[in-house]
Amino acid sequence: MSLLTSETWEGRIFLDSWTPGSGGEQAVIEPATGEVLGKIGLALPEDVLRASARAADAQKAWAATPPSERAAIMRRAGDLFAEHGEEIQRWVVREAGSIPPKAALETHIASEECYAAAALPNHPMGQVLPSDQPHWSMSRRRPAGVVSVIAPFNFPLILSIRSVAPALALGNSVLLKPDPRTAVSGGVVLARVFEEAGLPPGVLSLLPGGSGVGEAVVTAPEVRIISFTGSTNAGRIVGATASQHLKRAHLELGGNNALIVLPGADLALAASAGAFGSFMHQGQICMTTGRHLVHEALHDDYVEALAEKASHLPVGNPALEPVALGPIIDSGQRNRIHGLVQRTVDAGARLAAGGTYDDLFYRPTVLADVTTSMPAYAEEIFGPVAPVVPFRTIEEAIELAGASEYGLSLGILGDVGTAMQVADAVPSGIVHINEQTVGDEANAPFGGVASSGTGSRFGGAEANIEAFTESQWLTVRHGIAPYPF
C-alpha cells in the first residue's frame, strides 16, 4: 500500500484533514531534471490562524491522553517510516537532489527519532523541592501548548521530524511549515505517517508557504514555542519576531565548520574524511566542513589528495545513476556558490579542483593558497567547496578554528590527547575527534553557539524536555493556610 498516493495530498494542506490551501498550488520540481513531480497546496496566513486555533483546542485532549497511548503512536510512526522507507526515499532523492544512501539515512533517523520520542511521555517530569514552609513543594514540566516547526530543504525529513516527534510526544500540538521546495519529503510525508499512526485530528497541521506563512506561524496567538532550522539571517528575524511576542525560539542556524588535521595524522584517511565532510549532499549541510586547517607538514600533500578525490567523484542525477553528488537545490544557490568561488580565485586563491558546473551540477571544488580574509573561507558557502589553509602550531590552529562568528561543529583528526586540548579551547556545540564535522544521532544533543544558534535544543531527552515543555511550581498543603488578613 502506498503512503504517498497523490490523490490524498496533491494540491492540499493538512488541517484536520487534507484540504485545499488558500494560497493555491505550487509545482514540486526535481532539481536534477526540472521535471514537475506533482503539486503541493500552499497556505496563507489566514490558514495558519485557523490551524493555530484548532491546534490549541486539540492540544488539551492530546496532553491528557495517557502516556502509553502517546508513546504507542510514536512507535507506530517509527515503524511506518521503516515500512515505507523505499517510497519515502524516492521522494527525498528526486525532490531534494539527494543520493540514495543519504535518503536512506533520513528515513532511518526519522524512525529513530520517533522511537526516542516514544520514551519521552514516561520520562520523569519534575522534582520534589525542599521547603521551609509546611507544604509539599514540587516543580513539574508541562506541555508548552502549540509549537511551530519551521524546517529547511537540505535534510527535509530529519530536520522536520527531530522537532515534530518530541514536541508531539510531550503533549504539544504542532504547526509544521516545511520549505516549499521540499514540502513533500519534509511535510507531506510526516502528515501522512502520523495520520496513519493514529494521531488525533488537529494535533499536527501542515502549512507550506512563503514568508507570510513563516511570520504567521511565529506570531499566531496560540503558538508558544518556535523551533527553527535555517540560515543565520533568517534565524535572527525569527528570533527577533518571537521575542517581540514573548515567545521562545529555538534556533539551529548556519555554520562555517573547521576540520583540523593535526601533525602526524594519517594523510589518506584525513583526505577521505575531509572530502566527505565538504562534499556530502553537495555541501548543503549546516555541519559541512567549510574550512580545512592542515598542519604545514601535511598541507601540500593533503591538498593534492583532496583534489584527487574531488576530481574523481561522480556528479549527476542520483535517481538515474550511482553518483557521489547530486544537484544544487536551485539556480540561486548555485550562483551564490559559484560567486564565492570566483571571488576567492580573483583574490589570489588557486583552484586545485572543480570550480565549474553544468546546470545545477556543481563539481566538488578544492581551493588552495587561501587566506582567512577570502570569501570562500570567511563565509558559509553551503556548497561543495573545500578551502584549505595551513597552520604551524596547535595554538595557531586553535586561534584559526575559533576565529569565526559561527560555532556549530568542529572535527579534529590525529592524536587524541592533542585533539582534546583543541576541543577544550574552541567554542563549538559539537566536537568530533577523528571524524569529520557532519553527524547526527537521535539521542545526542544537537545545536551550536554564537551565530550558529541558541545551543543544544534538539536531540536527547534532556534537551527535548527543556525545549518543548514549561516549568511549573506546584505546592500542596494538607489544609487551607492561615493568613493575617
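The values are calculated or read from the model by the stated rules, or taken from the named source; none is laboratory data. Remember, it's a predicted structure, so these values are computed and weren't measured experimentally. Cβ: placed from backbone, ideal geometry, glycine included. Neighbour counts: every protein chain shown. Accessible surface is based on the protein model in full, side chains and every heavy atom, while ligands, DNA and RNA are left aside. Shrake-Rupley method; radii C 1.70, N 1.55, O 1.52, S 1.80 Å.
Tell me, what is the percent relative contact order of the chain, built from C-alpha pairs under 8 Å that lie six or more residues apart?
The value is 17 percent.
How much FRET efficiency would the formula 1/(1 + (r/R0)^6) give for residue 237 and residue 49, where r is the Cβ-Cβ distance and R0 is 25 Å, rounded to 0.05?
That pair, residue 237 with residue 49, gives E of 0.80.
To the nearest 10 square angstrom, how much accessible area does residue 135 have with a 1.4 angstrom probe?
Counting only protein heavy atoms, the figure is 50 Å².
Name the long-range amide H neighbours of residue 432: under 5 Å, sequence gap of 5 or more, or other chain; modelled H, no Pro or chain starts.
Residues meeting the amide H criterion: 410, 411, 412.
Can you list the residues, at least 5 places off or on another chain, whose amide H is less than 5 Å from the amide H of residue 453, using H built in the peptide plane?
253
With N set to the number of residues, divide the alpha-carbon radius of gyration of the range 393-453 by 2.2 N^0.38 Å and report two decimals.
Dividing the Cα radius of gyration by 2.2 N^0.38 Å gives 1.09.
Based on the Cα coordinates of the chain, what is the per residue volume of their convex hull in Å³?
Here the figure is 160 Å³ per residue.
At 7 Å along the Cα-to-beta-carbon direction for both residue 215 and residue 471, put a label point, then send me their distance in nm to one decimal.
Label-label distance for residue 215 and residue 471, simple model: 3.5 nm.
List the lysines whose Cα sits under 19 Å from the Cα of residue 39, skipping any in the same chain fewer than 8 residues away.
Output for residue 39: 177.
If the reach is capped at under 15 angstrom between alpha carbons, list the aspartates and glutamates near residue 247, excluding any in the same chain fewer than eight residues apart.
Partners found: 215, 222, 466, 470.
Roughly how far apart, in whole Å, are the Cα centres of the range 172-218 and the range 424-477?
23
Where both residues lie in the chain, what percent of DSSP beta bridges are antiparallel, nearest 5?
In the chain, DSSP labels about 45 percent of beta bridges as antiparallel.
Once the dipole of the range 245-324 is set up with Lys and Arg at +1 and Asp and Glu at -1 on Cβ about the Cα centre, which of 316, 268, 246 lies farthest towards its positive end?
Positive-end residue among those listed: 246.
How far is the Cα center of the range 24-88 from the Cα center of the range 119-139, in Å?
34
Give the carbon-plus-sulfur fraction of the accessible surface of the chain in %, rounded to a whole number; probe 1.4 Å, heavy atoms of protein chains only.
Roughly 54 percent of what the probe reaches on the chain is carbon or sulfur.
Considering only protein heavy atoms, with the full assembly of protein chains and a 1.4 angstrom probe, order 420, 280 by accessible area, largest first.
Per-residue accessible area, sorted high to low, gives 420, 280.
Among 9, 18, 473, what's the order by accessible area (1.4 angstrom probe), most exposed first?
473, 18, 9
Which Cα, out of 202, 339, 393, lies furthest along the positive dipole direction of the chain (beta carbon charges, K/R +1, D/E -1)?
Of the listed residues, the answer is 202.
How large is ³J(HN,Hα) for each residue in the range 360-375, as worked out from phi by the Karplus curve 6.51 cos²θ - 1.76 cosθ + 1.60 (θ = phi - 60°), to whole Hz, x for Gly and Pro?
Computed from phi, the couplings for the range 360-375 are 9, 9, 9, 5, x, 10, 10, 10, 10, 6, 8, 10, 5, 8, 6, x Hz.
Just how large is the dipole of the chain about the Cα centre, in debye to the nearest 20, putting +1 at every Lys and Arg Cβ and -1 at every Asp and Glu Cβ?
1520
Taking the Cα-to-Cβ direction at residue 27 and at residue 128 and moving 7 Å from each Cα, how far apart do the two end points lie in nm?
Output for this residue pair reads 6.5 nm.
Kindly sort 295, 281 by accessible area of their heavy atoms, largest first, with the probe set to 1.4 Å.
295, 281
Obtain the nm distance between the two label points defined at residue 347 and residue 69 by a simple spin-label model: each point lies 7 Å from its Cα along the Cα-to-C-beta direction.
5.9
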